[in-house]
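**Q** Can you keep this structure in mind? I'll have questions shortly.
Throughout, read-outs are computed from the coordinates displayed, never taken from laboratory work. Remember, predicted model here, so these are calculated numbers, not experimental data. Here Cβ is always computed from backbone atoms with ideal geometry, including for glycine, and neighbour counts include all displayed protein chains.
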Amino acid sequence: MKKSLIALAALAFVGAVSAQSTVTLYGKVNASIVKVTGADAVLADAGDGSGSRFGLKGTEDLGGGLKANFQLENGFKVDTGNLDNATNQLFQRGAWLELNGGFGALRMGRDYTLGFYGSIGNMPATGVDAHVAVFGFNGVGARASDQIVYRTPKFSGFQGAVSTQLNGDNPAAQTEYSLTYANGPLTVHLTGAQNDGVAGTTSALNAAYKFGMTTVSAGYVDKAAPGSKGGWVAVQAAMGAWTPFANYANNSDAAGTAVESAYGLGVYYAMSKRTSLYAMGGSKSTAAGKDTSTTAVGLVHSF
């Protein structure tokens, strides 16, 4: 009887520990055939701009509403098996640790920028339609190392955030701030960024509204250096297994002269909840009159 009670107690203890701490392996493998103007077709990673990756993420319940969260994410090229960056960073896509509770969340490490969080969810197919080239994720890039990020709790759909870097880590330390409103079908992101030693503020406003299965989104970016600004608009609709989309972006310099524009058209077909086929095409035009067109077909699997 005593042995049975001890065994039951041990099982209960293990179950409690398992419930308090979890680690998840996740990832995406994205292979495509891409053709760019003036070049032969190639087998490439992520013709739609959503790169292959794998990662670990986890959380531990510390009690009293406090949790410790972490994420380590590696990017790789499915066509070669190489890392997806020239500096051979193991976790180039992300490596951070966070405390989360009633006070909000404090995160430290390498992560997406606040500008990225404010735009990427509304811009499909960044690989083909050249949104990345035009705006660089709201003018501040996709990721930054050595970030210290604080996010407030959510209040009636509103959430604020601020991120910064220490000058010892980056002499031109970047500070970002954002305000997000998400309620029902409407999401609005206002973001801004400043760098030490660089005059001016880079700011962006992005919004998305969902009409049933259709989402319409738009954004405006005003970049401090070199003083460029512009806007973009996108629409995508879920039609059963099919999700077609279209988007357009236009960028100009400080004097208002057109610098470049881009558009993209495409469709995803969901073969299952984890696997999709896609086909898309787009074109980018520059002030010099040089047009570049890109087409891609691919297969992506998430796990």
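**Q** Over the chain, calculate the relative contact order: mean separation of alpha carbon pairs under 8 Å at least 6 apart, over the residue count, as a percent.
**A** Contact order relative to length: 14 percent.
**Q** Which values of log₁₀ I(q)/I(0), to two decimal places, follow from the Debye formula for the chain at q = 0.11 Å⁻¹ with a uniform point scatterer at every Cα?
**A** -0.77
**Q** Using the Kirkwood radius built from alpha carbon pairs, what does the Stokes-Einstein equation give as D for the stretch 187-303 at 37 °C and 0.692 mPa s, in µm² per second?
**A** 200 µm²/s
**Q** Sticking with this structure for a sec: Hey, if you drop one equal point scatterer on each alpha-carbon of the stretch 41-122 and run the Debye formula without solvent, what base-10 log of I(q)/I(0) do you get at q = 0.23, 0.25 Å⁻¹?
**A** Listed by q, the Debye log ratios stand at -1.15, -1.22.
**Q** In the chain, with Lys and Arg counted as +1 and Asp and Glu as -1 at Cβ, which of these residues, LEU99, ALA44, ALA204, has the Cα nearest the positive end of the dipole, that is, farthest along it?
**A** Of the candidates, LEU99 comes out farthest on the positive side.
**Q** For a protection proxy built on the mean count of beta-carbon atoms within 10 angstrom, sort 30-39, 258-267 highest first, please.
**A** 258-267, 30-39
**Q** Under 14 Å between alpha carbons, and skipping anything fewer than 8 positions from LYS57 in its own chain: which aspartates and glutamates qualify?
**A** Result set, ordered by chain and number: GLU73, GLU98, ASP111.
**Q** Which whole number of Å³ per residue matches the convex hull of the alpha-carbon atoms in the stretch 135-187?
**A** Looking at the stretch 135-187, the number lands at 83 Å³ per residue.
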